[in-house]
1. List, in order, the whole-Hz ³J(HN,Hα) value for each residue of segment 144-152 obtained from phi through the Karplus relation with A = 6.51, B = -1.76, C = 1.60 and θ = phi - 60°; use x for Gly and Pro.
2. Taking 0.36 nm per residue of sequence separation and subtracting the Cα-Cα distance, how much length would be gained by fully extending the chain between residue 41 and residue 198, in nm to one decimal?
3. How long are the three semi-axes of the equivalent ellipsoid for segment 104-151, computed from the Cα gyration tensor as the root of 5 times each eigenvalue, in whole Å, largest first?
4. Could you list 72, 161, 184 in order of exposure, starting from the residue whose Cβ has the fewest other Cβ atoms within 10 Å?
5. Which of the residue pairs 92/187; 26/187; 92/226; 26/141 have a Cα-Cα distance greater than 29 Å in the structure shown?
6. What is the gain in length, in nm to one decimal, between residue 60 and residue 186 on full extension, counting 0.36 nm per residue of separation less the C-alpha to C-alpha distance?
7. Quick one: order 181, 172, 64 by neighbouring beta-carbon count within 10 Å, fewest to most.
8. On alpha-carbon atoms, Rg over Rh for segment 103-230 using Kirkwood Rh?
Amino acid sequence: MWKNGIIGMLLLITTTRTFGSWTFEKLPTSLSSNQSAEYVFQYVSYSLEECAAICAQYYSCKSMYLHQDLCFGLSSWSTDSSNHGLVNTYTKRTQACSKTNFLVFNDLCLMISEIKLAWYDAQRYCENKGGHLIVLDTETKHNSCLDFICNFYDDKETNFFVGASDLETEGMWKWIIPNSMNYFKFKTPSQPNNYDHDFPSFSANCGTLVSNTGVLYDEYCSQTKKFICEI
């Protein structure tokens with residue numbers, strides 16, 4: 001019964017499978033597996049197509065994988081640590097988040113770069129992907145971004161460029177999206193201080209998110225860093 005009206009809509013690509021309004025993106029093997037899975041279901045299944053079709057029926061199914069003729073539906077967007085390395089896990093997302101390397105997490109559509117760029121180039125890179133540097137203008141969104149990094153990436157001590165700067169007027173911090181909330185979770189009371197200890201001769205006008213402390217710093221814009229895009 002899982003196949004009726006669903007398998008016919010299957011679009012086969014190397015890393016993506018699509019069912020109606022849902023797309024299943026294969027998670028890169030480089031992503032971490034640091035938590036045990038909570039299973040939504042386990043069904044006998046012999047194909048990824050059928051497994052994805054089953055997951056598409058459950059709102060609480062966020063990702064799925066096939067292992068030894070069993071389809072496992074997971075309640076999280078991360079991999080299952082008990083079988084990581086043995087299987088390919090596919091995360092579920094809406095068609096609205098269908099850009100390559102973007103993942104849905106807590107209703108956000110995010111991508112952490114695999115390359116390092118200056119802040120200006122990072123913004124252009126995100127724009128070319130159809131998005132922009134992430135805007136963390138609420139506590140909920142800020143915390144969701146930290147959870148995304150914790151769930152998906154091994155490197156917990158990286159800092160990432162985000163879409164905040166005081167380039168227009170020193171000391172007046174803005175997010176790159178107009179009408180964003182005036183919320184900035186800087187490290188207090190020492191940030192922002194317009195000083196980057198690695199580049200002391202230059203102004204620090206661009207925002208970075210430090211993942212292991214969960215706060216924002218102002219840093220020199222022309223240095224290269226990883227960054228976070230959102231759609």
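Nothing in this text is a laboratory measurement; each read-out follows from the coordinates by a stated rule. Everything numeric in this text was worked out from a predicted model, so none of it was measured. All Cβ positions, glycine included, derive from the backbone under ideal geometry; neighbour counts span all protein chains shown.
1. 5, 5, 5, 5, 4, 4, 5, 6, 10
2. Details: separation 157, 0.36 × 157 = 56.52 nm, distance 4.97 nm.
Full extension of this stretch gives 51.5 nm more.
3. Working: eigenvalues 80, 26, 22 Å².
Working through the eigenvalues yields semi-axes of 20, 11, 10 Å.
4. Numbers: 72 25, 161 31, 184 19.
Fewest to most other Cβ atoms nearby, the residues stand as 184, 72, 161.
5. Numbers: 92/187 34 Å; 26/187 35 Å; 92/226 25 Å; 26/141 24 Å.
The pairs that break the limit, which is 29 Å between Cα atoms, are 92/187; 26/187.
6. On the way: separation 126, 0.36 × 126 = 45.36 nm, distance 3.38 nm.
Full extension from residue 60 to residue 186 adds 42.0 nm.
7. Numbers: 181 12, 172 9, 64 27.
The order, fewest Cβ neighbours first, is 172, 181, 64.
8. On the way: Rg = 13.4 Å, Rh = 14.5 Å.
A ratio of 0.93.
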